[in-house]
Amino acid sequence: MEKPQGTLLSVESLTKSFPGALALDRVDFTLRAGEVHALLGENGAGKSTLIKCLTGAYRRDSGEILLDGRPFDPRDTFEAQALGIGTVYQEVNLLPNLTVAENLYLGRQPRRFGMVSVRELNAKARALLSRYGLDIDVTRELSSYSVAVQQIVAIARAVDLSGRILVLDEPTASLDAQEVRLVFDIVRRLREQGLGIIFITHFLDQVFELSDRITVLRNGRLVGTRRTAEIKRIELVTMMLGHELSQETRHHAADRPNDAPPAYRFRDFGRAGAVQPFDLDVRRGEVVGVAGLLGSGRTETAEVIFGVRPHDSGTAEKEGRKLDLASPRAAIAEGFGFCPEDRKTDGIIGDLSVRENIILALQARRGWSRPLPRQEQIEIADRFIKALDIRTSDREKPIRLLSGGNQQKAILARWLATNPEFLILDEPTRGIDVGAHAEIIRLIESLCEKGMSLLVISSELEELVAYSHRVIVVRDRAHVAELVGEEINTDSIVRAIAAERPTEDAR
Amino acid sequence: MKSRYLPLAATTLIFLLAYTLCYAQFPAMLSTRVIGNLFTDNAFLGIAAVGMTFVILSGGIDLSIGSVIAFTSVFIAVLLAGTGLHPLTVFALALVISTLFGAAMGAVIHYLEMPPFIVTLAGMFLARGMAFVLSIDSIPVAHPFYDVLQSLYWRMPGGGRLTLIGVLMLLVFLAGILLAHRTRFGANVYALGGGAATARLMGVAVGQTTIAIYALSGLLAGLSGIVFSLYTSAGYSLSAVGVELDAIAAVVIGGTLLTGGSGFIAGTFVGILITGLIQTYITFDGTLSSWWTKIVIGILLFAFIFLQKGILWVSSRNRVALDHAHGR
């Protein structure tokens with residue numbers, strides 16, 4: 001089939017801001033008919049904001065979008081769909097309790113004499129799916145099929161509804177290797193039919209396998225658009241992480257080496273589907289950094305250690321004693337603490353006061369039958385508000401009224417109040433201002449001087465280099481490298497992240 | 001068999017089994033007389049339960065049904081006693097009021113984003129209170145047209161009577177089945193039960209559908225009130241207490257998932273028959289307290305909750321793998 005080469009969609013100088021944040025800053029983007037265009041960037045880069053402006057979920061502040069040369073300004077997702085832009089999300093956005101046919105034609109069911117003609121509905125659905133090489137019983141509920149089939153049904157529906165541009169937002173995140181290939185075959189077929197496809201994923205291998213061009217965003221700005229055939233992995237990772245090779249970062253931790261014997265030993269520790277078994281030693285007073293791209297398994301490493309997703313292989317021991325890390329409760333009892341990445345959903349409880357948020361973990365460890373006396377709660381809260389310089393007018397203020405940095409410090413205080421011996425911080429400096437940044441880093445350093453062991457996950461490589469004694473590099477859900485001493489610099493971290501994976505079935 | 005038919009099959013099987021056991025003990029129970037009475041005695045409950053099935057399928061709940069039935073019966077009795085209006089006019093007025101009442105609850109649920117439980121609880125108190133405002137006494141209905149309606153029946157072979165209200169219930173069930181499975185509205189109800197946010201993304205007019213669902217439930221509660229009025233020939237504000245809970249029980253025993261999205265109107269019909277069967281058995285036995293009905297229904301409810309959990313668990317493990325489904 002002849003490949004149409006015209007420009008399907010062009011975005012010029014698109015800007016979108018939210019209160020307190022500029023999510024997209026004059027971003028340009030073009031999509032040609034018959035191409036798969038990968039859109040890459042770390043969390044907060046602006047990928048999803050760009051997509052939401054295209055699919056009508058957000059209205060842009062300024063800038064121009066042309067679809068087929070005509071101005072395009074959808075008020076909602078339905079208008080975007082009618083104009084030709086369909087979206088398929090990671091979480092299948094179909095109804096599991098309806099049949100496959102009903103899902104494909106909900107709201108558009110063929111009718112005869114005012115009644116839905118089930119026979120015609122099922123025949124249409126079968127015909128539609130057979131074009132995707134899918135021969136399934138369309139009268140069964142969607143939930144009786146695997147996620148891959150559901151994903152293909154979602155693609156079929158989106159293309160049938162819109163037909164010009166297909167946005168795939170991490171469609172492969174929960175599929176296995178064989179299923180990914182099937183979805184890719186379908187995407188290639190749609191590309192041949194002349195659709196423009198925007199493909200968002202964390203898996204760089206998939207980007208190189210499928211896409212024709214790549215656009216990288218960072219902090220709401222366009223970093224660049226390249227042809228996939230002409231870019232190397234390392235350049236791509238550099239573009240995504242925004243690290244410039246000339247930049248020198250001082251390695252603070254090297255000034256205070258730590259040669260103590262390992263206090264914590266993890267052996268073959270892992271969980272199927274989350275992170276492959278890894279070995280990890282952590283000394284007292286040591287900061288171990290975890291580097292990797294979004295979705296690489298860095299957060300999963302923390303969750304498996306803390307028992308959020310209990311490990312299903314391997315052992316953990318502390319100075320020769322076996323540790324029970326089967327659940328967060330057990331991990332807390334063993335002296336572990338965990339500040340999660342997404343404060344809003346996993347960390348703060350917005351309507352509770354600063355004091356209540358701070359004493360939460362301590363109270364949980366004591367058990368509900370032994371409430372912490374009010375006076376003691378106040379003392380603890382006041383001590384940490386002072387020590388961490390949490391800026392709040394009142395310890396009884398609901399925590400959602402505080403700024404991001406202060407919320408982050410309050411969560412840190414929550415875990416520090418339990419006197420943990422092993423503290424995991426996932427992206428401790430995300431979304432907070434530069435001043436608070438430096439304070440959190442100073443705090444990390446002072447904690448480890450007091451003998452606490454820390455595991456810090458961050459996509460800010462300079463930060464990791466600054467405070468880590470060792471850096472673990474995670475890729476494709478496995479620990480692939482460990483950097484120590486002089487090796488700890490942004491250059492070698494980027495190289496380790498970008499390295500070609502040794503075997504094909506590593507994931 | 002597809003797993004979504006399992007609860008319906010289980011209910012039907014339980015009903016047939018129970019009927020066989022009853023028949024073994026009291027052969028007289030297998031007669032058109034008993035079946036005719038089963039329909040007549042449960043007509044008002046069955047009609048209300050059809051509305052409840054739609055509400056539960058959409059993931060909601062309607063606690064106002066019993067109160068709306070009582071209000072309607074009092075409304076009819078007061079108007080017939082106090083004015084010269086023809087019963088048909090009064091019926092039409094009652095249906096308009098109950099439908100608008102349901103639609104208003106649906107609107108509050110949708111636009112104020114309130115849980116249906118709370119909104120319809122308020123509706124329950126409101127409707128019951130309004131019934132008391134109209135009259136605190138039990139008002140008998142004596143109207144020639146009522147006598148005509150009550151004397152309408154079809155004598156089935158074997159001497160059983162299929163009364164007007166019994167037929168009305170059967171018609172409501174038939175209409176409910178068509179509405180649920182053969183209209184876009186029905187598909188939207190299931191879609192809401194599967195997930196309101198996803199349904200909205202897929203283009204379902206969530207507000208419109210929610211209001212229509214509660215309006216339908218109100219309409220059927222009103223119709224149930226009319227049937228109740230014909231059945232008892234009276235209007236009393238303390239009547240039909242707890243009918244909403246009996247309806248919910250019939251819906252759940254009929255195999256509809258309380259979380260919404262899965263179930264059948266036909267299942268509710270079997271659920272009603274099971275409830276009626278237990279009562280008939282107790283009448284035949286003569287020594288059992290009528291509270292045994294509640295006990296048996298309680299046990300059945302528990303059994304069905306376990307059954308549904310079990311089916312969900314099994315069907316989530318039996319997903320059709322891609323390599324089988326992807327034939328090329």
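Here are the numbers:
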| quantity | calculated |
| --- | --- |
| Within region B:1-74, helices (runs of 4 or more DSSP H) holding 1 or more residues that are open to solvent by 40 Å² or more (accessible area, probe 1.4 Å), on the phi < 0 side of the Ramachandran plot and free of Cβ contacts under 8 Å to residues at least 60 places away in the same chain | B:6-25 |
| Subset tally (residues that are of a type in the set (Val, Ile, Thr) and within 14 Å of chain B (Cβ to nearest Cβ)) for region A:52-84 | 2 |
| Yes/no for B:His143 being within 14 Å of chain A (Cβ to nearest Cβ) and open to solvent by 30 Å² or more (accessible area, probe 1.4 Å) | no |
| Flag for B:Arg155 being more than 14 Å from chain A (Cβ to nearest Cβ) and either modelled with pLDDT under 95 or under 12 Å from the mean Cα position of the chain (by Cα) (or both) | yes |
| Search result, residues across region A:330-365 that are more than 25 Å from the chain's Cα centre (by Cα) and open to solvent by 70 Å² or more (accessible area, probe 1.4 Å) | A:Ala333, A:Asp351, A:Arg365 |
| Helices (runs of 4 or more DSSP H) (entirely within region B:188-276) containing at least 3 residues that are more than 14 Å from chain A (Cβ to nearest Cβ) and either among the charged types (D, E, K, R) or buried (at least 22 other Cβ atoms within 10 Å of the Cβ) (or both) | B:206-232, B:243-253 |
| Residues that are assigned to a loop (DSSP other than H, G, I, E, B) and open to solvent by 20 Å² or more (accessible area, probe 1.4 Å), drawn from region A:101-116 | A:Gly107, A:Arg108, A:Phe113, A:Gly114 |
| Residue within region A:143-152 that is touching a Pro at 6+ places or on another chain (Cβ under 9 Å) and more than 9 Å from chain B (Cβ to nearest Cβ) present | yes |
| Boolean, A:Tyr132 is of a type in the set (Phe, Trp, Tyr), within 10 Å of chain B (Cβ to nearest Cβ), open to solvent by less than 50 Å² (accessible area, probe 1.4 Å) and under 22 Å from B:Ser58 (Cα atoms) | no |
| Meets criteria (at pLDDT below 85 and open to solvent by 20 Å² or more (accessible area, probe 1.4 Å)) for A:Leu447 | no |
| Subset of region B:76-96 that is β-branched (Val, Ile, Thr) and surrounded by 19 or more Cβ atoms within 10 Å (Cβ to Cβ) - its residue that is nearest to the chain's Cα centre (by Cα) | B:Ile76 |
| Strands (runs of 3 or more DSSP E) fully within region A:31-100 counting 3 or more residues that are under 22 Å from A:Arg188 (Cα atoms) and open to solvent by less than 10 Å² (accessible area, probe 1.4 Å) | A:35-40, A:85-88 |
| Test: A:Glu179 is under 15 Å from A:Glu209 (Cα atoms) and either free of Cβ contacts under 8 Å to residues at least 40 places away in the same chain or away from chain B (no Cβ under 11 Å) (or both) | yes |
| Residue in region A:479-495 that is surrounded by the most Cβ atoms within 10 Å (Cβ to Cβ), counting only those that are touching a Leu at 6+ places or on another chain (Cβ under 7 Å) and touching a residue at least 24 places away in the same chain (Cβ under 8 Å) | A:Ile493 |
| Enumeration of residues in region B:253-290 that are β-branched (Val, Ile, Thr) and more than 18 Å from B:Ala180 (Cβ to Cβ) | B:Ile274, B:Thr275, B:Ile278, B:Thr280, B:Ile282, B:Thr283, B:Thr287 |
| Selection count, region B:170-185, where residues are facing another protein chain (nearest Cβ under 8 Å) and closer than 20 Å to A:Leu94 by Cβ | 2 |
| Members of region B:151-177 that are within 20 Å of B:Ala221 (Cα to Cα) and open to solvent by 30 Å² or more (accessible area, probe 1.4 Å) | B:Leu164, B:Val167, B:Leu168, B:Leu170, B:Leu171, B:Leu174, B:Ala175, B:Ile177 |
| Qualifying residue in region A:382-400 (condition: farther than 24 Å from A:Leu294 by Cα and assigned to a strand (DSSP E or B)) | yes |
| Criterion: open to solvent by 10 Å² or more (accessible area, probe 1.4 Å) and touching a strand residue (DSSP E or B) at 6+ places or on another chain (Cβ under 6 Å) - qualifying residue of A:Arg470, A:Arg442 | A:Arg470 |
| Search result, residues across region A:132-166 that are without any contact (Cβ under 8 Å) to a residue 24 or more places away in the chain and not acidic (Asp, Glu) | A:Leu134, A:Ser144, A:Val149 |
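A quick yes/no check of all residues on (1) modelled with pLDDT under 90; (2) crowded, with 17+ Cβ neighbours inside 10 Å; (3) of a type in the set (Ser, Thr, Tyr); (4) in contact with a helix residue (DSSP H, G or I) (Cβ under 8 Å, 6 or more places away or on another chain):
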| residue | (1), (2), (3), (4) |
| --- | --- |
| A:Thr215 | no, yes, yes, no |
| A:Thr238 | yes, yes, yes, yes |
| A:Gly242 | yes, yes, no, no |
| A:Gly297 | yes, yes, no, no |
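The values are calculated or read from the model by the stated rules, or taken from the named source; none is laboratory data. What you see is a predicted model; the values in this text were computed from it and never measured. Every residue, glycine as well, gets a Cβ built from its backbone with ideal geometry; the counts of neighbours run over all protein chains shown. Side chains included, ligands, DNA and RNA excluded: accessible areas come from the protein's heavy atoms. Shrake-Rupley method; radii C 1.70, N 1.55, O 1.52, S 1.80 Å.
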